[in-house]
Amino acid sequence: MARWRPRRAGAPEPGPFVPPDVDEEAARAEITFLVEGLAPGGVDEATGHSLDNLVNAMSARWEQEVQAEYAAYCAEATTRLGVADAAVAGSRPAEEDARERLADSRAALDAARSRLSPGGEAGWGARGHADPALMAGRPLGPLLLHAAALAAAVAADWAAFLEVVKLLMRGEGDVVTSAVVVGFTAIVIYLAHAAGCMFRDIRAGSAGVSLPLAVLCVLGWAAFGAAAFLARLTITARRPAFGAEAPPDDGGALMPALFFLAFFVGTGIVAAVGAYLTHNPLRSAYGRAARVHRQALGAAATAARELALAEAARSAHANQLMAARQRLLHALQVRLALAERLKQLARVLIAQHAQDPAVTDAILEPDLRPYAWQ
């Protein structure tokens, strides 16, 4: 069996403590050789235990060897146990924090679920947003249709506003013009979208949304549209036709402006109606709470696993120390028993060579040597 050796830097983790082996065959051969040298007249009934002290010395050397191996192993194993204790101490706060976050996210999820249930929608009217079916997720069809229509509306507004801004800001560069168009488009789309969301909340009985604020959004959206329509109408009417001195007639300027106004109103309706039909803050809150809960659940599972692994490693090191102590005691017993066998072997061999009952009776008395380690 392989003997334990202290771990070197970069070496793999050592295994359990294994006491060094004793070469019993060599010890028996040595005792036999010494007895052969004593026979036949080297001993009598008074000197039948002549090899006991030699065997005692051999046994003491074996015991010291295993004690030294055990001490070296304990030094290394105690260090590993300390590192394992530190790992447990570092993992436990993270696991506790993860459990607290999981509890908080669970409470938020339960609250969001109760608000989606009938009768649990505090602060909302009978025509509110509560719908238990939404816990399974929103239908993708209306959401995708609204997203596609809103993207088309944004593109239409961009194209329409770009032409108007170019007419108003002829001396500006493309970067400035594009920035103004982006801002103008974002404002009108957001106002229409916000108005749709507010009217839906008002219908649901939300106490946090007021009708004047929704009307203000509509008026702001209409003001931007009216300003853009008048700018388009005025500037087009004042532009000279290509190759002519006089401006085109009013009918020629009115039709492009009306066409632009139709685009503006249509995109606003798309944004507002889509927001009205898809807006549900309770479902959004439930979805957000569900995502956070899943993340917290994964983090808690990871933290619990890390803590369990750290505790298992610490327990393994502690158990190895306990097992090493038991192996040490067993090894000492084995060496003591081997010493007794060697003494008895010497006595039997001496008795065989002596062929004298008096000598035999004297040398076969039991050895009563005390052992300090017991």
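If R0 is 56 Å, what FRET efficiency do you get for A337 and R99 from their C-beta distance, rounded to 0.05?
With R0 = 56 Å, the Cβ-Cβ based efficiency is 0.55.
Kindly state, to the nearest 0.05, the FRET efficiency for R294 paired with D21, given R0 = 45 Å and r defined as their beta-carbon distance.
Efficiency for this residue pair is about 0.20.
Between L309 and L230, what is the label-to-label distance in nm when each label sits 7 Å out along the Cα-to-Cβ direction?
7.0 nm
Each reported figure results from applying straightforward, stated rules to the coordinates on display, with no laboratory input. Keep in mind it's a predicted model, so treat the numbers as computed, not measured. Neighbour counts run over all protein chains shown; Cβ positions are idealised from the backbone, glycine included.
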